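First comes the structure, then the notes that go with it.
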Amino acid sequence: MEPRELIRKWVDTFNTANADALAEFYADDAINHQVVADPLVGKEAIKQMFTTEFSRATMVCIIENIFQDGEWGMLEWKDPLGLRGCGFFHIVNDKIVFQRGYWDKLSFLKQQGLTE
C-alpha cells in the first residue's frame with residue numbers, strides 16, 4: 001500500500017476515535033513523537049496515548065494535503081475548530097514505524113476547554 005493511501009485510512013480510523021483499530025496501523029516497535037510530548041515507543045504505548053486522548057477530547061482530522069516521498073508520507077491537517085498541524089509517517093511493509101506530529105498544544109487545550 002502506498003503511504004498516502006495508508007494515511008487516508010489512518011485518518012478515517014482516527015476520526016472514529018477507536019484506539020484499538022488505530023493501533024493496528026503501527027509496527028510493534030513503532031515510535032510516535034508528538035513534539036509537544038516525549039516520544040512513545042511501541043504499539044501498546046501508542047494505543048494507550050490514543051485511548052487517553054480520545055477519552056478527554058473530541059478530535060477530528062480533516063485532510064488538507066498528503067504528500068509522499070518513497071516510504072514517507074506527510075499529512076497536513078486541520079480540525080473543525082481551526083487548529084492546524086502536520087505529521088510525518090515512515091511506513092514500512094504497510095505499518096507505521098515512525099510518526100512525528102507538529103501542532104500547538106496550548107491552542108488545542110483552550111479549544112477543548114481543558115485549561116483553567
_Cβ-based charge dipole, segment 3-111, positive-most Cα from GLY73, MET59, LEU22_ = MET59
*For the chain, what mean projected area does the convex hull of the alpha carbons give, in nm²?*
6.5 nm²
*Compute the acute angle (0 to 90°) between the alpha-carbon long axis of helix 43-56 and the principal axis of greatest extent of the alpha-carbon atoms of the chain; round to the nearest 10°.*
30 degrees
*At a Förster distance of 25 Å, what's the computed FRET efficiency of ALA45 paired with LEU81, Cβ-Cβ distance as r, to 0.05?*
0.40
*Measure out, as a whole number of angstrom, how far apart the alpha-carbon centroids of segment 21-54 and segment 90-116 sit.*
10 Å
*For helix 3-14, what angle does its Cα long axis make with the longest principal axis of the chain, in degrees from 0 to 90 and rounded to 10?*
40 degrees
*Taking amide H positions as placed in the peptide plane 1.01 Å from N, state which residues far from ALA30 in sequence (5 or more) or on other chains have amide H under 5 Å from it.*
GLY42, LYS43
*Might you report the magnitude of the Cβ-based charge dipole of the chain about its Cα centre, with Lys and Arg at +1 and Asp and Glu at -1, to the nearest 20 debye?*
320 debye
*ASN93 paired with LEU114, simple spin-label distance in nm, labels 7 Å along Cα-to-beta-carbon*: 3.3 nm
*Simple spin-label model, 7 Å along Cα-to-Cβ: LYS9 to GLU64 in nm?*
2.6 nm
_Surrounding net charge for VAL36, when Lys and Arg each add one and Asp and Glu each subtract one, Cβ distance under 9 Å_ = 0
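Rule-based calculations on the coordinates, nothing more; no lab input. Please read all numbers here as calculations on a predicted model, not as lab measurements. Every residue, glycine among them, receives a Cβ derived from its backbone with ideal geometry; neighbour counts consider all protein chains shown.
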